[in-house]
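The values are calculated or read from the model by the stated rules, or taken from the named source; none is laboratory data. Bear in mind that the values here come from a model prediction, so they are computed numbers and not experimental data. Neighbour counts are summed over all protein chains in view; Cβ atoms, including those assigned to glycine, are modelled from backbone coordinates with ideal geometry.
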Amino acid sequence: MLLPFLVLTVAAALVSALGAVMIIHRAHALGLIDQPGQRRMHRIPTPRGGGIGMVFALLLSLILAASFGFLSPAAALWALAGLSVLALVGFWDDRSNLPVLPRLAAHGLASLLLAWSLLHGDLPVSFIALVALALVFPFAINLSNFLDGLNGILTLQLLVPLLAMCVLLPVDSTLWPLAFAGTAALISFLPFNFPSARCFMGDAASGTIGSFVAWIGCAAMLRGELHPILFLLLNSGMLIDTLLTLSRRALVGKKFWRAHREHLYQWWARAGASVIAVNVRYLAWSAASILYGVLVLRSQPGALQWLLTALWFVLGGVLWRLFRARVLRAVRLGERA
């Protein structure tokens, strides 16, 4: 198993880095330049779509995983189809701003393909479970797209669940090599995007990689290799910020699906915090969430575990509101000065 694991990991890292380099040098020719604007955080034109190398790395990892026997060929094929649809639609959107309805239709199709792929392993999934899974993936796609608004934030937040699964999954799990391949691809891309951005990930990569992480997590949960509470807590930083930000925008009558700069991490940056400082704060919350989840699952009975998990999310929501109010005051004082 060691040699296939090394092949998966090294191939993912190399393809991810090469893709970023290619986009940086070909961005103008491909029409992949992200211009500054009122809803953007950057101030100079920057290549976008640099994460396309990560997409190819993940697709390659699925092919290799099937070749080495980690996945059934059918599961790999359907997962490849779903991720490819997301990547193609995301690349189109990166180039020409695809309208909302066709984009959502493509997300729905890709989600069904990804959910269906989980039926072709050794997983007995009912129709109800299939429908539930098909609803998870659109959420993961858009959660990732919305969080991709500051250097390094999405890359690091997706690294958290992947790295955690590398540790928490059983060593003999056939998902373990895929988690490592995804980790290698993200780490390889990180220097191109953080702390200063030579390129942005782009929609072709953000939704695709977010879905890949969700796909591994769902497969692990269905196999009994990862507790659902842990998977929720691994992603709690993204969940809390995105859900509360979009809910607030919807309540005040704003078009929550449009690009904006109103996430807590964006307000922090607008208030003068460095990109490194903002990311460290989010990583600190993620680390605390993982530790909390492990302690809860080891020390409490089943029903109480879910109550304590809900209380953790409530705590996160309270902290989000307190920090947001504090940061907004700092931004207003800066604007007056």
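Brief remarks follow.
- Considering residues of the stretch 66-87 that are in a helix (DSSP H, G or I) and among the polar types (S, T, N, Q) only, the residue nearest to residue 130 (Cα to Cα): 84
- Single unsatisfied condition, residue 160 versus (1) within 15 Å of residue 83 (Cβ to Cβ); (2) at pLDDT 90 or above; (3) of a type in the set (A, V, I, L, M): (1)
- Per the listing 186, 168, 234, the residue uniquely of a type outside the set (S, T, N, Q), touching a residue at least 60 places away in the same chain (Cβ under 8 Å) and either in contact with a strand residue (DSSP E or B) (Cβ under 8 Å, 6 or more places away or on another chain) or outside the structural domain of residue 53 (by TED's automatic domain parsing) (or both) is 234.
- Residues of the stretch 237-251 satisfying the condition of being under 18 Å from the mean Cα position of the chain (by Cα), surrounded by fewer than 23 Cβ atoms within 10 Å (Cβ to Cβ) and not β-branched (Val, Ile, Thr): 239, 243, 244, 246
- From the options 159, 178, 163, 154, residue that is under 29 Å from residue 24 (Cβ atoms), without any contact (Cβ under 8 Å) to a residue 60 or more places away in the chain and either surrounded by 24 or more Cβ atoms within 10 Å (Cβ to Cβ) or acidic (Asp, Glu) (or both): 154
- Selected residue [out of contact with any Phe, Trp or Tyr (no Cβ under 8 Å at 6 or more places or on another chain), closer than 25 Å to residue 132 by Cα, of a type in the set (A, V, I, L, M, F, W, C) and outside the structural domain of residue 104 (by TED's automatic domain parsing)] from 284, 288, 310: 310
- So residue 223, is it among the charged types (D, E, K, R) and more than 21 Å from residue 316 (Cα to Cα): yes
- Qualifying residue in the stretch 288-302 (condition: charged (D, E, K, R), touching a residue at least 60 places away in the same chain (Cβ under 8 Å) and part of a helix (DSSP H, G or I)): no
- Hey, residue 72 within 22 Å of residue 180 (Cα to Cα), out of contact with any Leu (no Cβ under 9 Å at 6 or more places or on another chain), free of Cβ contacts under 8 Å to residues at least 60 places away in the same chain and polar (S, T, N, Q) or not: yes
- Flag if residue 283 is within 25 Å of residue 138 (Cβ to Cβ), part of a helix (DSSP H, G or I), under 17 Å from the mean Cα position of the chain (by Cα) and of a type outside the set (Lys, Arg): no
- Residue selected from the stretch 270-282 under the condition of a type in the set (A, V, I, L, M, F, W, C) and surrounded by fewer than 21 Cβ atoms within 10 Å (Cβ to Cβ), by the criterion nearest to residue 148 (Cα to Cα): 275
- Residue-level check: of (1) modelled with pLDDT of 75 or more; (2) surrounded by fewer than 20 Cβ atoms within 10 Å (Cβ to Cβ), residue 38 misses just (1).
- Restricting attention to the stretch 252-280 and to residues that are among the polar types (S, T, N, Q) and in a helix (DSSP H, G or I), the residue that is farthest from the chain's Cα centre (by Cα) turns out to be 266.
- For the stretch 194-218, taking the residues that are touching a helix residue (DSSP H, G or I) at 6+ places or on another chain (Cβ under 6 Å) and of a type in the set (S, T, N, Q), the one that is modelled with the lowest pLDDT is identified as 206.
- Spans of helices (runs of 4 or more DSSP H) in the stretch 154-245 with at least 2 residues over 19 Å from residue 135 (Cα atoms) and of a type in the set (Phe, Trp, Tyr): 176-193
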